Amino acid sequence: MTTVTDGQPNAEDGPVGCGTPTALVRPPGATGVAGAPEPGAPAVDDPLPPGGPDHPGRLRSTVPADPSWAPAVRRLVTEHLAGLRLPADQCDSAVLATDELFANAVRHASTGPRDTVTLTVEWNARGLRVTVADRSPVLPRLRTADPAAESGRGLSIVAALADDWGMAPPEPDRPGKRVWFTLRRRGGTP
């Protein structure tokens with residue numbers, strides 16, 4: 001179960017590592033964030049526990065398509081991966097690649113103030129698969145960013161960190177697309 005609390009903004013700029021689970025912190029003023037839950041409502045869907053009987057190692061969460069939610073997404077993924085006992089470098093890679101896909105979905109695919117992004121993390125015998133779904137049908141493009149550009153490297157970062165990545169159509173009866181990456185299982189425990 002993920003702990004959701006009101007709190008201060010996350011000061012970290014990247015993954016916190018998978019060794020110690022942390023609480024999920026709702027962005028400050030979350031009730032004022034477009035698409036954020038009403039006061040008293042959970043900030044994210046309740047994730048399935050890593051050892052759950054139906055979906056071991058699976059987490060699914062829907063959050064507002066708002067950049068202020070990036071620290072909460074990083075913490076949610078970090079906490080979930082801590083229960084899976086991935087090697088530290090794979091955990092860091094997974095959190096960073098997820099952060100990049102979330103940022104891309106928010107920046108390039110969000111079409112309105114009530115848009116959401118759905119994150120799915122799955123751990124199985126082959127490894128880890130992370131999928132980020134949004135409502136836009138526009139597919140992302142891998143491009144070469146100008147060295148002086150402040151953005152444009154998200155998919156290149158994902159490609160460098162992941163063993164594989166790609167795009168898939170949305171789930172049945174849903175608009176948009178899904179962008180995913182995988183990390184092959186190595187080390188750690190099943």
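Counting just the residues of the range 88-119 that are part of a helix (DSSP H, G or I) and open to solvent by 50 Å² or more (accessible area, probe 1.4 Å), which one comes out nearest to M167 (Cα to Cα)? I'd like the intermediate steps shown before the answer.
Taking the range 88-119 first, the residues part of a helix (DSSP H, G or I) are 88-109.
Cutting the leftovers down to open to solvent by 50 Å² or more (accessible area, probe 1.4 Å) gives us 88-89, 92, 96, 107-108.
Values: A88: 26, D89: 24, D92: 22, L96: 18, R107: 17, H108: 15 Å.
Looking at residues that are part of a helix (DSSP H, G or I) and open to solvent by 50 Å² or more (accessible area, probe 1.4 Å), I get H108.
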> Given the structure, is A82 under 23 Å from S156 (Cα atoms), at pLDDT 80 or above and not basic (K, R)?
Replying inline: no
> With respect to P175, is the statement that it is loosely packed, with under 13 Cβ neighbours inside 10 Å and either in contact (Cβ under 8 Å) with a residue 24 or more places away in the chain or in contact with a Phe, Trp or Tyr (Cβ under 6 Å, 6 or more places away or on another chain) (or both) true?
Replying inline: yes
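Based on what the data block shows, is R141 open to solvent by 90 Å² or more (accessible area, probe 1.4 Å), at pLDDT below 90 and under 15 Å from S93 (Cβ atoms)? Break it down stepwise before answering.
Working: open to solvent by 90 Å² or more (accessible area, probe 1.4 Å): yes; at pLDDT below 90: yes; under 15 Å from S93 (Cβ atoms): no.
No; evaluated as a whole, the condition is false for this residue.
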> Name the pairs whose Cβ atoms lie under 7 Å apart, with the first residue in the range 125-144 and farther than 20 Å from A82 by Cα, the second open to solvent by 100 Å² or more (accessible area, probe 1.4 Å) and polar (S, T, N, Q), and 6 or more positions between them or separate chains?
Replying inline: R135/T111; S136/T111
>> Taking the criterion of being open to solvent by less than 70 Å² (accessible area, probe 1.4 Å), at pLDDT 85 or above, in a loop (DSSP other than H, G, I, E, B) and closer than 18 Å to P64 by Cβ, would at least one residue in the range 155-171 satisfy it?
In response: no
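Residues to consider are L59, L96; find the one that is at pLDDT 95 or above and on the phi < 0 side of the Ramachandran plot.
Numbers: L59 fails: at pLDDT 95 or above.
Matching residue, one of L59, L96: L96.
The values are calculated or read from the model by the stated rules, or taken from the named source; none is laboratory data. Everything numeric here is computed off the predicted structure, so don't read it as measured data. Note that we place each Cβ from the backbone using ideal geometry, even for glycine, and neighbour counts take in every protein chain shown. Ligands, DNA and RNA are stripped out before the accessible areas are found, and what is left, the full protein with its side chains, is counted by its heavy atoms. Shrake-Rupley method; radii C 1.70, N 1.55, O 1.52, S 1.80 Å.
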